[in-house]
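Only one structure is covered here, and it is reproduced in the block below.
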């Protein structure tokens, strides 16, 4: 996990977990009725079809912009992780990281 954070990679390498998170985000409700679920799945399929067409055409994927707070936290976390070797006291590193995560 340390290396993935340091290198700016996703925090999971499990594609099923990533798809499940995407699906939950796309649905935006915990228990949709049958018709809502069908509609959301159709919309998701159209979105995935567009993503595939964009990838095949060499265009960048269109994604929602992440929330500014999440972006700032991730940037701060990556900065702290990149400076890991400069911390002689690893407890201090953990303290700084925990402060960043609690903000």
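The values are calculated or read from the model by the stated rules, or taken from the named source; none is laboratory data. Keep in mind that this is a model prediction, so the values were computed, not measured. Neighbour counts are summed over all protein chains in view; Cβ atoms, including those assigned to glycine, are modelled from backbone coordinates with ideal geometry.
Details
- Filter result (surrounded by fewer than 11 Cβ atoms within 10 Å (Cβ to Cβ) and either assigned to a helix (DSSP H, G or I) or in contact with a strand residue (DSSP E or B) (Cβ under 6 Å, 6 or more places away or on another chain) (or both)) within the stretch 22-43: 25, 34, 35, 42
- Members of the stretch 87-103 found to be at pLDDT 85 or above, out of contact with any helix residue (DSSP H, G or I) (no Cβ under 9 Å at 6 or more places or on another chain) and part of a helix (DSSP H, G or I), listed by number: 91, 92, 94, 95
- For the stretch 1-20, filtered to residues that are assigned to a helix (DSSP H, G or I) and farther than 20 Å from residue 78 by Cβ, the residue that is modelled with the lowest pLDDT is 15.
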